[in-house]
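The values are calculated or read from the model by the stated rules, or taken from the named source; none is laboratory data. This one's a predicted model, so the numbers in the text were calculated from it and none came from an experiment. Cβ placement follows ideal geometry from the backbone for every residue including glycine, while neighbour counts extend to all protein chains displayed.
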Amino acid sequence: MAPATALERCATGITGLDNILEGGIPRGNMVLVSGSVGTGKTTLCLEFLVRGAERGERSLFLSVTESSTKLIQNLSTFEFFRRDLVDQGSLVFVDLPAVYDRLGLGKEELSSEEVDILIRTISDLVRSLGVKRLVLDSLTSVCYRFRKDEQIRDFMLRLGQELSDVRCTSLLVSEIGPNPARYSLHGVEEAIVDGVILLWNTRRFGDIVRVVQVVKMRGTAHSRAQYVLDLTSIGILMAPHLKGGREGGV
Ligand SMILES: Nc1ncnc2c1ncn2[C@@H]1O[C@H](COP(=O)(O)OP(=O)(O)O)[C@@H](O)[C@H]1O
Ligand SMILES: [Mg+2]
């Protein structure tokens, strides 16, 4: 039998996560980061980009919900954030609403042709800048403008293919409620992606703690255990989740 080939990994730079993921996300894969508000999705994604930019991999944050100016302001409260990475162009922020305006995609719902234009624009941006790490915050906001599940499927499959062709690893943020029945708004998204990282809040002895779990990661024999996620100034720390107190999403 031929020996198994190890996949090239894109280290997230978050030690706890890389330990679970045999070194990182398989390079070129598309991963859903799913959770309710305040669970740390944006912070995790930003740290992934900062750590990448530090390693010389150009990183792109596509922002839909928050303006990049505000994001950078909030980020400045974290010690792990390095403004110089933005100034030297290794860490790039693009506001998707501005891109919609520039392309004339102003309507509530996008037609198939407009979805085409959007995919091509993102792909051109990634290719021309040589982007190796991409975050879309959030996929949910982009999907609000699609009429049918087929459009979501088409958008994700084609974007996934474009990104994997240039070995760009991506995190797509999925906004869900506190006690969700699935990991995404439509349920289509989680079936298409190569991985799902789930974040949620839970109560432990009266405190609310953030918990993270890798639910799916293609090409990886990963732990599915729950870990407490601590957002600290120097970055995300993870520790085994010792159960106790009342459980349940909050
Ligand atoms: N400098 C900081 N140090 C530690 N935690 C912070 C800091 N700035 C913000 N936070 C925490 O991050 C939370 C926001 O997390 P965020 O990643 O935006 O969540 P989500 O994107 O899932 O809504 C805030 O509610 C706060 O608890
Ligand atoms: Mg967020």
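Anything in segment 1-12 that is more than 16 Å from ligand 1 (Cβ to nearest atom), part of a loop (DSSP other than H, G, I, E, B) and under 23 Å from Pro240 (Cβ atoms)? List them, or say none.
Selection gives Ala11 alone.
With respect to Ile72, is the statement that it is closer than 23 Å to Val193 by Cβ, within 16 Å of ligand 1 (Cβ to nearest atom) and surrounded by 15 or more Cβ atoms within 10 Å (Cβ to Cβ) true?
The answer is no for Ile72.
Suppose we filter Arg102, Arg83 for residues that are within 16 Å of ligand 1 (Cβ to nearest atom) and free of Cβ contacts under 8 Å to residues at least 40 places away in the same chain; which single one remains?
Of Arg102, Arg83, the one residue that is within 16 Å of ligand 1 (Cβ to nearest atom) and free of Cβ contacts under 8 Å to residues at least 40 places away in the same chain is Arg83.
Check off (1) within 16 Å of ligand 2 (Cβ to nearest atom); (2) of a type in the set (S, T, N, Q); (3) buried (at least 16 other Cβ atoms within 10 Å of the Cβ) for Thr77 and give me the number that stays unchecked.
That leaves (3) as the condition not met.
Residues in segment 192-200: is at least one without any contact (Cβ under 8 Å) to a residue 60 or more places away in the chain, in a strand (DSSP E or B) and either hydrophobic (A, V, I, L, M, F, W, C) or in contact with a Lys or Arg (Cβ under 9 Å, 6 or more places away or on another chain) (or both)?
No: zero hits.
For segment 130-146, which positions are in a helix (DSSP H, G or I) and within 16 Å of Arg120 (Cα to Cα)?
Val142 - this is the single residue of segment 130-146 that is in a helix (DSSP H, G or I) and within 16 Å of Arg120 (Cα to Cα).
Considering only residues of segment 8-38 that are polar (S, T, N, Q) and over 16 Å from Gly56 (Cα atoms), which is surrounded by the most Cβ atoms within 10 Å (Cβ to Cβ)?
Only one residue tops the list, namely Ser34.
Got at least one residue in segment 204-218 being over 25 Å from Gly38 (Cα atoms), touching a strand residue (DSSP E or B) at 6+ places or on another chain (Cβ under 9 Å) and touching a residue at least 12 places away in the same chain (Cβ under 8 Å)?
Within segment 204-218, one or more residues are over 25 Å from Gly38 (Cα atoms), touching a strand residue (DSSP E or B) at 6+ places or on another chain (Cβ under 9 Å) and touching a residue at least 12 places away in the same chain (Cβ under 8 Å).
Considering only residues that are within 11 Å of ligand 2 (Cβ to nearest atom) and in contact with a Lys or Arg (Cβ under 7 Å, 6 or more places away or on another chain), which ones fall in segment 36-64?
Of everything in segment 36-64, those that are within 11 Å of ligand 2 (Cβ to nearest atom) and in contact with a Lys or Arg (Cβ under 7 Å, 6 or more places away or on another chain) turn out to be Thr39, Gly40.
Which count do you get for residues in segment 147-174 that are in a loop (DSSP other than H, G, I, E, B) and buried (at least 18 other Cβ atoms within 10 Å of the Cβ)?
Summing the residues that are in a loop (DSSP other than H, G, I, E, B) and buried (at least 18 other Cβ atoms within 10 Å of the Cβ) in segment 147-174 gives 1.
Condition check ((1) closer than 22 Å to Leu71 by Cβ; (2) in contact with an Asp or Glu (Cβ under 6 Å, 6 or more places away or on another chain); (3) modelled with pLDDT under 95) across all residues:
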residue	(1), (2), (3)
Phe93	yes, no, no
Pro97	yes, no, yes
Arg102	yes, no, yes
Lys107	no, no, yes
Glu114	no, no, yes
Val126	yes, no, no
